[in-house]
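The values are calculated or read from the model by the stated rules, or taken from the named source; none is laboratory data. Here the structure is a predicted model, which means the values were calculated and not measured. Glycine gets a Cβ as well: all are built from the backbone with ideal geometry, and neighbour counts include every protein chain shown.
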Amino acid sequence: MSAPARAEVRIDLGAIRHNVRHLVLLGDDAAVMVVVKADGYGHGAVDVARTALDAGARWLGVCTLEEAAQLRAAGITAPVLSWLHVPDEDFTGAVATGVNLGVASRRDLAAVAGGARAAGRPARIHLKIDTGLSRNGCPPHAWGDLLDAVAAHTESGEVEPVAVWTHFAHADAPAHPTIDSQTDRFDEAHAAATTRLGRPLMAHLANSAATLTRPDLHRDLVRPGIAVYGLDPVGGGDHLRPAMSLRSRVALVKTVAAGEGVSYGHIWSTPTDRDLALVPVGYADGVPRVLGATGRFEVAVGGRCRPVVGRVCMDQVVVDLGPAGTDHGVVEGDEVLLFGDGRDGGPTATEWADLIGTIHYEIVTGVGGRPRLHRTVVA
Ligand SMILES: *Cc1c(COP(=O)(O)O)cnc(C)c1O
C-alpha cells in the first residue's frame, strides 16, 4: 500500500450521480448537458462525464477544443458542445469526432466551415446570441448578417445548424428583470433563426441557477455545471450533495509557550501555553491565503472543527488545539478535513467562499487545479 497522501482532493462520484439524477428529474422534458469545463470544475472531467452520462445526462459541455478532445480520447462518444475558441483555431479534429461547436461571429463560422471541409463532413453548430451578458455571443445587430452566412454554409453542406443558445447575467437572482429581457431577446433571435434557416433549432439558455429556479426557461436542453458538483448557486438547492472534499493529515503536534507569534507576520500569538497542530497544505494547494486573515477559518481534526491560526503559508497552516495539556486527543497522522460535504457540520467550500467574499466555483476550481494552461518556457 502506498503511503497516505500529504493532501488529497477526494471526489465522491456517488454525489455526482445523485446530483445529476436530481437535475434530470427537475429538467423534466429537457435534456441535460452536464458542463465539465475546467476539468469538471476541478473534479476530473472524464470521471464526471462518465458518471453523469450513466446517471441520465445526454450532453456534455466544455469551454475549449482541448477539453472536448480529452473526452473523445477517453472514448466518450456522447454529444459534446465546445463554445469558446480563439482566432485561427483548427476545428478539423473536433468536426471529425462530431463535437458540436458554438458559433458567435462570421469569423468563427468561417473557421468552423474550414474545419468541416478538412474533415469531409458538416460541422454541427450552436449559434450563440448575446442577449445582454455582453461576453461571448453575437450581438443582436449582427444576428441577421450571421444568419445569412450560416444559410450559405448550410446550403453548401459545410455546417448543420442545430441550436440557438444564450447565457444569463443574473441567473443567481431568479426574479431579476434582466432574465425576462434576455429571454425576450433570445426568443426573437431563435424565431429569426428558424425562419431564416428553414428548420427547427433547439433552444438552450439555463445554467444551474436557472435550471433549479426557472422551469419556464428549461426549453430543449439545460446546461448545469456547479449544481452537478453539489454546490448551490442560488439557495434552495438542498437536494444537492457536494462531491469534493479536501483532506490532509497532521504532520506535527507541539506545545508553544504563551506569548509567541505564530506563522508569518505573527498576526496571531498564543494567549497561553498552547498545543498546535501543523497541517501540510497551503495556498500552493488552492487554500486561499486571505482565509487566514479572516480569523474565522476552521478545519475539522478528529471530527471537531478547530481554528486555523495565523497566516496561510504556501505549504502549511497551523491549527490551535487549545491550552497545553488539554485532552484534545489529536496525534500526528490524524486526518484533517479542510472542507467536505458539510453533513457532519464540518467546513464546506461554500463557507470558505462566504468568508472571503467569493463564490464556491472559485474554491473548487482553485483546489482542483487548471490543467488547461499551456506552459511556455522562454530561455
Ligand atoms: C459555465 C457555463 C455553464 C454552467 O454554469 P453553472 O453556473 O456552473 O451552472 C452553462 N453555460 C455556459 C455558457 C457556461 O459558460
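Among the conditions (1) within 19 Å of H18 (Cβ to Cβ); (2) more than 9 Å from the ligand (Cβ to nearest atom), the only one that P233 does not satisfy is (2).
Looking across T211, T294, T272, T255, one residue alone is within 16 Å of the ligand (Cβ to nearest atom), in contact (Cβ under 8 Å) with a residue 40 or more places away in the chain and either among the polar types (S, T, N, Q) or in the same structural domain as W352 (by TED's automatic domain parsing) (or both). It is T211.
Within region 216-238, being surrounded by 21 or more Cβ atoms within 10 Å (Cβ to Cβ), in contact (Cβ under 8 Å) with a residue 40 or more places away in the chain and not basic (K, R) holds for H218, L221, V222, P224, G225, I226, A227, V228, Y229, G230, L231, P233. Among the conditions (1) surrounded by fewer than 19 Cβ atoms within 10 Å (Cβ to Cβ); (2) touching a Lys or Arg at 6+ places or on another chain (Cβ under 6 Å), L13 misses just one, which is (2). With respect to being touching a Ser or Thr at 6+ places or on another chain (Cβ under 6 Å), at pLDDT 95 or above and assigned by TED's automatic domain parsing to the domain that holds W83, R185 fits the description.
Say whether the condition of being part of a helix (DSSP H, G or I) and at pLDDT below 95 is met by at least one residue in region 293-302.
yes
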